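Read the figures in this text as sums done on the coordinates, not as results from a lab. None of these values were measured; they are calculated from a predicted model. Here Cβ is always computed from backbone atoms with ideal geometry, including for glycine, and neighbour counts include all displayed protein chains.
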Amino acid sequence: MMDVVKASLDDVEAIRSLIEYHAANGKMLLRSLSYIYENIRDYFVVREDGEVLGCCALHVSWRDLAEVKSLAVREDRIGKGVGKALLEAALKEAREMGIPRVFTLTLEKDFFVRNGFELVPKDELPMKIWGECIYCPKYPDCDEAALIYQF
Ligand SMILES: CC(C)(COP(=O)(O)OP(=O)(O)OC[C@H]1O[C@@H](n2cnc3c(N)ncnc32)[C@H](O)[C@@H]1OP(=O)(O)O)[C@@H](O)C(=O)NCCC(=O)NCCS
């Protein structure tokens, strides 16, 4: 069993490094240290011997909608179940909060389909969630897919 825990303030630098690594490869949106500190209560991590192997955030968007963000696994641990464990922890939290739908915007649509999400047209998501797209270097040429998990 992979031990997924809520992130602590001591994990912030490691989370930042993980996201920075994958963002440099064009896989995800870069997050500033300031952003991660401000949203640290959204994050889950998997740790081993004090090192962060992966991170994932669940961000509440509305009464009936939350977003999975910043799912990232350390390069040397990809393909070993860390991503799935993090995603399951985020979905469990959404379910416990009574949130019926969880969406994500990603380049890794096959991973999310494999783990229970369904592709949806982007215009089915509320306008509100597009606010941070202006921080994406690809804006307005978005190549991400929108997917939803429904309980
Ligand atoms: C995408 C990512 C989070 C997957 O995490 P991971 O730990 O490698 O995945 P897991 O080992 O937990 O895989 C869980 C399941 O998904 C499948 N899977 C993993 N990566 C996949 C992919 N890229 N496409 C399709 N299926 C995938 C696995 O085969 C496994 O299936 P199984 O349960 O039937 O055996 C990881 O590769 C990563 O960090 N990528 C870079 C950052 C990124 O693109 N994040 C995406 C969200 S923005």
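Is the shape of the chain best called rounded, prolate or oblate, per the rule: a/c under 1.5 gives rounded, else a/b larger than b/c gives prolate, else oblate, with a ≥ b ≥ c the square roots of the Cα gyration tensor eigenvalues?
Taking the square roots of the gyration eigenvalues as a ≥ b ≥ c, the chain is rounded.
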Item to check | Those GluC sites (Glu not before Pro) in segment 65-151 that DSSP places in a loop and that have at most 12 other beta carbons within 10 Å | outcome: none
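Tell me the trypsin sites (Lys or Arg not before Pro) within segment 67-151 that lie in a loop according to DSSP and have at most 12 other beta-carbon atoms within 10 Å.
Of the trypsin sites (Lys or Arg not before Pro), the ones in loops of segment 67-151 whose Cβ has at most 12 other Cβ atoms within 10 Å are 138.
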Checklist entry - Which of the listed residues, 85, 2, 151, is farthest toward the dipole's positive end in the chain, when Lys, Arg count +1 and Asp, Glu count -1 at the beta-carbon? => result 151
Checklist outcome for this item: In this structure, among 69/92; 80/109; 6/138; 84/128; 80/138; 69/128, pairs with alpha-carbon gaps over 24 Å are 6/138; 84/128; 80/138
Item to check | Selected from 105, 73, 43, residue furthest toward positive end of dipole (the chain; charges at beta carbon) | outcome: 105
Checklist entry - With +1 on each Lys and Arg Cβ and -1 on each Asp and Glu Cβ, how big is the dipole of segment 4-150 about its Cα centre, in debye rounded to the nearest 20? => result 260
Item to check | Helix-only mean residue ellipticity at 222 nm for the chain, each DSSP H run of n ≥ 4 adding -39500 (n - 2.57), per residue, nearest 500 | outcome: -8000 deg cm²/dmol
